[in-house]
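Each remark here refers to the structure printed beneath this line.
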Amino acid sequence: MAAVKETIDQVKEIDVDQYKYGFETKIESVKAPKGLDESTVRYISAQKNEPQWMLDWRLDAFQRWKAMTEPTWAKVHYPKIDFQDQYYYSAPKSTTGPKSLDDVDPQLLETYKKLGIPLREQEMLAGVQSSRVAVDAVFDSVSVVTTFKDELKKAGVIFCSFSEAVREHPELVKKYLGSVVPQSDNYYAALNAAVFSDGSFVYIPEGVRCPMELSTYFRINEKNTGQFERTLIIADRGAYVSYLEGCTAPMRDEHQLHAAVVELVALDDAEIKYSTVQNWYPGDKNGKGGIYNFVTKRGDCRGHHSKISWTQVETGSAITWKYPSCILRGDYSRGEFYSIAVSNGYQQVDSGTKMIHLGKNSSSRIISKGIAAGHSQNTYRGLVSAHRKATGVRNFTNCDSLLIGDKCGAHTVPYIEAKNSSAHFEHEATTSKISDDTLFYCRQRGLTSEEAVALVVNGFVRDVLQQLPMEFMAETQKLIGISLEGSVG
Amino acid sequence: MNVAVMKTKAEQGLAEQFEKVADKLPGSTAVKALRAAAFGKFGALGLPHRRIEEWKYTDLRVGIKDVLPPAVSDQTPVTSGDLIVALGPLAHIDAYRMTFVNGNFRQDLSDWDGATGFEISPFSNALTSDSQSSAIDPSVVTGPDGDATIALNTALMTDGAVVRVPEQASPDKPLLVVFIRAGRTAQLMTVRNVIEAGPRSKSTIIEAHVMLPGAVVDGQTNTLNEITVGEGAEIAHIKIAIDEGKSLHLANSNVALKADATYRGFQYTSGQAIARNQTHVTYLGEGGKLDLSGAFLARGSEHIDTTLVVDHAVPHCESRELFKGVLDDRGRGVFQGKIIVRPDAQKTDGKQMAQVLMLSPDTEFNSKPELEIYADDVVCGHGTTSAQLDDDLLFYCMSRGIPQAEARALLIESFIGEAMDKVEHEALRDALMQYARTWLTNDKS
């Protein structure tokens, strides 16, 4: 009986309306005037002391965005977004100017501490040596601190905020910015290109294996503010990097917009592993509030034998519209996509991936597990394509959905396009509920029904969990077990 | 007629053709109004193109260049000897026969004397009869609303088969409905079949679209089947469309399954420049079963599209789909299969599989198997694979002394044979295999 009590407590802790990251930090901030026009773009650029070329790039994107219309093809429904009723830039007041950790507002440090993200290096060092993670903390529109910079510098790794990269490494930014996700790629990517405020920049030089996990922690705090960050990761020849991304936001009644762009470039023999645990505020149990998460993530396996691996655990956001993709340009390049999308309450998830095979003998693997509970809708949407000249390519796709309760929906919309005969594509998908026999078996062995469901679900998503870095795995496993237990009965 | 909204040359041509033949098309005043309304709808929709999600891979705006004159009261001479030649292996099947030449019913080539268990009449009768006693309402179409090919069918339909299987009837032989293209004039044929299987009946209907050797190769066909399967009834519906590489074949089958009804469908398609088989299945009562399979073979620059929507609207139903495709040269295959499980359709069991063999490097296969599920107590799955012939298997056969060409044929046969095994009628299954073999021996590679 103790287990049941414990489970119920845990459920209460993490159920949709018990979002534990929902607190708000009272902090003074500098904001751009509400609304979006050319002056907003200029304001953001000026705030960041950007060079002219960066401003021109933004303005170009803004012009393109104005000519575009919002996409409506995804299986998500929401009232029309008023893009003029938003703040596009918000920065904690105290962080302007050069910063060391001591200059950072203690309020902010407290916020991250509450979120479980230690920003003081000595605090992190207290842990096991091998599990150190360098963090770039992004608060609303700006990066507040990046840890372990010196140590990374020694290895030749550049890990800094995007604004810093624009100032310090313009040649790299100019070369790679927009080369994977161009300004006009899609509506939200264009919007991001015009108003992106900050984000992380990573460059791993030739032959370097990044000595620690890199991570960015995104926090939306300010009201009515959209967050538009941009991440650019370049792994030069033979380099390796593992990158983690986490995100949370306070609980609010109104919806907030988050439109990020992530670009990954892997040159010859390079490998990038990108993991996301997305836990934006999902809205309350009646579907009120929550983050609109419209994200464009794309990796370019530009070099031969390069590899990009996306792992995502999606539990938050009112609406998720996100398709981390791989362009497999290099011969023998490899793309991987592992995803767990858990939706509860009134969440709507339309997520998946694109594997675009252009290089010969490139291969890809897609494992997607969707779990829908409550009144949520959970859609997998994916594309696997082989170019006419991309001979010998292989793809294996497996997307499974689990439904818990009879008010939710799970959908699968895969596109498979083979333009040459040597492409070997396999796709399989199943949808089911946990079978009564399985549950019966577990219960017969003395497990409670909640425990049994958690066990089965953890088994169901195991393929994906195994891909997560150690730091995230245990947490995620717990998260999934719990948010599902809440749905049983 | 509002021609101004028409965009492409083909759309404009269709409008001109429709105006030209509107008075000659069979039908009462009510039917004429129905046609005009349907064509108005088509005018508003236009030819389907790649920006319409359901037609993403089959763009008729690009595909239809020329508009052919609709075949109205065609009298091309065809003898029963010609018919046998045109039917090929199907000619040997012992069946009642109903024949249409260029979309018009031909009594002289039909034979269903003494048929028990089938009530057969031409659809043109239903169009022209003033009384509603025929109980066939030409305005009833159960397929997706807003489909341009269906609107076009209603506007231009000339004839077809109306087949009823009375309650508990079990006809001794299958019914073979033959649509032949003959003559040297390229025409657009628009036909509609209405098939009603009465409660607890059991029947087999073969629908064959073939051409007379020497006939013009670039005909166009638009066919629509309205099929209702009554409580506890079982119907096998085998649709065959064989052509010589230049024609356009647009086919819709709308199937409604009542409680405990079973629909066993098979679609064999080969040789069209563009072919699209759209099947729309709706379950109206619990315990319905669907077993739909097919084989499509494309070479040259042929393009064959199979599009399915299986709508599980009620609980306790089952659906199985298995499609096999063989593509050669620059042949293109499309498979779009959507399984919908509505909120209350618990205990649904749906499985779908599409597999394609790509024999030449320039072939293309686009597949979109979709699941849309709103009920939790269901088992649904789909799969799709595409690959070339397995070299190891080929090597194995050759190492056993089978010449390469033969080994290839053997492997391809066994590949599509899996789908053909779903056809229960033995002679029919053999005939289908015979078609496939003929296709394979014409292999130029």
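The values are calculated or read from the model by the stated rules, or taken from the named source; none is laboratory data. Keep in mind that what you see is a predicted model, and the values were worked out from it rather than measured. Using ideal geometry, Cβ is built from the backbone for each residue, glycine included, and neighbour counts are taken over all protein chains shown. All accessible areas refer to the heavy atoms of the entire protein, side chains included, with ligands and DNA or RNA removed. Shrake-Rupley method; radii C 1.70, N 1.55, O 1.52, S 1.80 Å.
Taking the options A:H411, A:H424, name whichever one is open to solvent by less than 20 Å² (accessible area, probe 1.4 Å) and within 7 Å of chain B (Cβ to nearest Cβ).
Just a single option satisfies the conditions, and that option is A:H411.
Only one residue in B:A387, B:A407 is open to solvent by less than 60 Å² (accessible area, probe 1.4 Å), farther than 29 Å from B:V255 by Cα, modelled with pLDDT under 90 and of a type outside the set (K, R), so which one is that? Please lay out each step first, then the result.
On the way: B:A407 fails: modelled with pLDDT under 90.
From the options B:A387, B:A407, the qualifying one is B:A387.
Of everything in region B:338-380, what is open to solvent by 10 Å² or more (accessible area, probe 1.4 Å) and of a type in the set (G, A, S)? Give them in sequence order.
B:S360
Is it the case, given these coordinates, that A:T391 is in contact with a strand residue (DSSP E or B) (Cβ under 9 Å, 6 or more places away or on another chain) and within 10 Å of another protein chain (Cβ to nearest Cβ)? Before you say what the answer is, go through the steps one by one.
Values: in contact with a strand residue (DSSP E or B) (Cβ under 9 Å, 6 or more places away or on another chain): no; within 10 Å of another protein chain (Cβ to nearest Cβ): yes.
So A:T391 does not fit the description; no.
Considering every residue within region A:187-198, establish whether at least one is crowded, with 24+ Cβ neighbours inside 10 Å and in a strand (DSSP E or B).
yes
Can you tell me how many residues within region B:338-389 are assigned to a strand (DSSP E or B), closer than 18 Å to A:I434 by Cα and more than 7 Å from chain A (Cβ to nearest Cβ)?
4
With respect to the numbered conditions (1) open to solvent by 10 Å² or more (accessible area, probe 1.4 Å); (2) farther than 29 Å from B:L156 by Cα; (3) touching a strand residue (DSSP E or B) at 6+ places or on another chain (Cβ under 8 Å), which one is the sole condition not fulfilled by B:I242?
Against the list (1) open to solvent by 10 Å² or more (accessible area, probe 1.4 Å); (2) farther than 29 Å from B:L156 by Cα; (3) touching a strand residue (DSSP E or B) at 6+ places or on another chain (Cβ under 8 Å), B:I242 comes up short only on (2).
Taking the conditions exactly as written (within 14 Å of the chain's Cα centre (by Cα), open to solvent by 10 Å² or more (accessible area, probe 1.4 Å) and modelled with pLDDT under 95), does A:V313 satisfy them or not? It would help to see each step written out before you state the result.
Values: within 14 Å of the chain's Cα centre (by Cα): yes; open to solvent by 10 Å² or more (accessible area, probe 1.4 Å): no; modelled with pLDDT under 95: yes.
No, not satisfied.
Can you give me the number of residues within region A:23-73 that are of a type in the set (D, E, K, R), open to solvent by 40 Å² or more (accessible area, probe 1.4 Å), part of a helix (DSSP H, G or I) and touching a residue at least 60 places away in the same chain (Cβ under 8 Å)?
2
For region A:371-384, name all the residues that are within 10 Å of chain B (Cβ to nearest Cβ) and open to solvent by less than 20 Å² (accessible area, probe 1.4 Å). It would help to see each step written out before you state the result.
Keep residues of region A:371-384 that are within 10 Å of chain B (Cβ to nearest Cβ), which gives A:372-373, A:377-381, A:383-384.
Hits for region A:371-384 are A:A372, A:A373, A:N378, A:T379, A:Y380, A:V384.
When the residues of region B:73-114 are narrowed to those that are open to solvent by less than 50 Å² (accessible area, probe 1.4 Å) and among the small types (G, A, S), which ends up farthest from the chain's Cα centre (by Cα)?
B:G81
Given the residues B:L290, B:L250, B:L297, which is the only one that is at negative phi, without any contact (Cβ under 8 Å) to a residue 40 or more places away in the chain and assigned to a strand (DSSP E or B)?
Values: B:L250 fails: without any contact (Cβ under 8 Å) to a residue 40 or more places away in the chain; B:L297 fails: without any contact (Cβ under 8 Å) to a residue 40 or more places away in the chain.
Unique residue meeting the criteria: B:L290.
This table checks each residue for (1) of a type outside the set (A, V, I, L, M); (2) modelled with pLDDT of 65 or more; (3) closer than 30 Å to A:I319 by Cα; (4) surrounded by 17 or more Cβ atoms within 10 Å (Cβ to Cβ).
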{"residue": "A:K80", "(1), (2), (3), (4)": "yes, yes, yes, no"}
{"residue": "A:P92", "(1), (2), (3), (4)": "yes, yes, yes, yes"}
{"residue": "A:P118", "(1), (2), (3), (4)": "yes, no, yes, yes"}
{"residue": "A:D136", "(1), (2), (3), (4)": "yes, yes, yes, yes"}
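If you go through region B:328-337 one residue at a time, how many are open to solvent by less than 10 Å² (accessible area, probe 1.4 Å) and either touching a Ser or Thr at 6+ places or on another chain (Cβ under 7 Å) or at the interface with another protein chain (Cβ under 9 Å from one of its Cβ atoms) (or both)?
From region B:328-337, those open to solvent by less than 10 Å² (accessible area, probe 1.4 Å) are B:328, B:331, B:333-335, B:337; that's our starting set.
From what is left, the residues that are either touching a Ser or Thr at 6+ places or on another chain (Cβ under 7 Å) or at the interface with another protein chain (Cβ under 9 Å from one of its Cβ atoms) (or both) are B:328, B:331, B:334-335.
Counting residues in region B:328-337 that are open to solvent by less than 10 Å² (accessible area, probe 1.4 Å) and either touching a Ser or Thr at 6+ places or on another chain (Cβ under 7 Å) or at the interface with another protein chain (Cβ under 9 Å from one of its Cβ atoms) (or both) gives 4.
Applying the selection to region A:439-466, what residues are of a type outside the set (D, E, K, R), farther than 20 Å from A:S368 by Cα and either assigned to a helix (DSSP H, G or I) or within 13 Å of chain B (Cβ to nearest Cβ) (or both)? Break it down stepwise before answering.
Applying the first criterion (of a type outside the set (D, E, K, R)) to region A:439-466 yields A:439-442, A:444, A:446-449, A:452-461, A:464-466.
Then keep just the ones that are farther than 20 Å from A:S368 by Cα; that gives A:439-442, A:444, A:446-449, A:452.
Within region A:439-466, A:L439, A:F440, A:Y441, A:C442, A:Q444, A:S449, A:A452 qualify.
Step by step: first the residues of region A:427-464, then only those that are among the β-branched types (V, I, T) and open to solvent by less than 50 Å² (accessible area, probe 1.4 Å), then the one that is nearest to A:R394 (Cα to Cα). Which residue is that?
Restricting attention to region A:427-464, the residues satisfying the condition of being among the β-branched types (V, I, T) are A:430-431, A:434, A:438, A:448, A:453, A:456-457, A:461, A:464.
Still in the running and open to solvent by less than 50 Å² (accessible area, probe 1.4 Å): A:431, A:434, A:448, A:453, A:456-457, A:461, A:464.
Numbers: A:T431: 24, A:I434: 31, A:T448: 42, A:V453: 34, A:V456: 30, A:V457: 29, A:V461: 23, A:V464: 20 Å.
Ranking the qualifying residues of region A:427-464, first place goes to A:V464.
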